[in-house]
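In what follows, a single structure is set out as structure tokens and then discussed.
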Amino acid sequence: MKQSAVYAMMMIAVLAGGCGKPSEDERVNIASGVGSDTLLNNIILRPVLKAFSALIGEGIEVKKADLRTNDEGFLELQVSGYNRSYNIRRFDYNVEWVDKDGLVIPTKTGVWQKMSVQPKSNFAILSVAPRKDAADFRMNTRKSN
């Protein structure tokens with residue numbers, strides 16, 4: 001009897017958790033615990049989803065890298081991606097700009113930058129070439145300490 005009552009309360013909690021809508025606009029990310037819980041992301045299922053996400057190795061996915069020349073003649077890079085994980089992903093990135101011969105253009109801004117991406121959300125990394133003779137880029141990532 002006690003066991004069936006516990007199961008009934010768990011089902012009610014799961015169903016009642018689906019009352020909120022995270023965001024009307026996909027460009028706005030409402031972090032877990034800030035907005036209302038949803039049916040698939042509530043206080044009971046959240047630990048299971050996070051464990052499953054870690055188990056299958058979900059993480060950062062790069063969707064595209066757009067390169068354009070701005071009005072001043074410098075290349076601009078926008079790398080767009082998505083965090084598939086149910087956990088915040090922290091990593092470092094470094095953009096190296098290269099000339100037409102493939103040689104790296106030395107720059108003081110070519111250092112590792114920190115990035116933190118909220119769970120199940122889009123992100124963008126922006127970078128501008130240091131000189132007008134930049135022809136392409138390379139981007140490296142590493143796990144943050």
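The values are calculated or read from the model by the stated rules, or taken from the named source; none is laboratory data. Worth saying up front: this structure is predicted, and the values here are computed from it rather than measured. All Cβ positions, even for glycine, are placed from backbone atoms using ideal geometry, and neighbour counts span all protein chains on display.
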Test for LYS120: is it surrounded by fewer than 15 Cβ atoms within 10 Å (Cβ to Cβ) and either closer than 18 Å to ASN70 by Cβ or charged (D, E, K, R) (or both): no
Of residues in the range 42-96 being of a type in the set (Ser, Thr, Tyr) and under 11 Å from the mean Cα position of the chain (by Cα), the one farthest from ARG142 (Cα to Cα): TYR86
Count of the range 83-113 residues which are in contact (Cβ under 8 Å) with a residue 12 or more places away in the chain, of a type in the set (A, V, I, L, M) and not in a strand (DSSP E or B): 3
Matching residues, the range 114-145, being touching a residue at least 24 places away in the same chain (Cβ under 8 Å) and in a loop (DSSP other than H, G, I, E, B): GLN118, PRO119, LYS120, SER121, ALA129, PRO130, ARG131, LYS132, ASP133, ALA134, ALA135, SER144
Some residue of the range 17-39 being modelled with pLDDT under 90, surrounded by 14 or more Cβ atoms within 10 Å (Cβ to Cβ) and in the same structural domain as LYS132 (by TED's automatic domain parsing): no
Test: residue in the range 85-100 that is modelled with pLDDT under 90 and farther than 30 Å from LYS50 by Cα: no
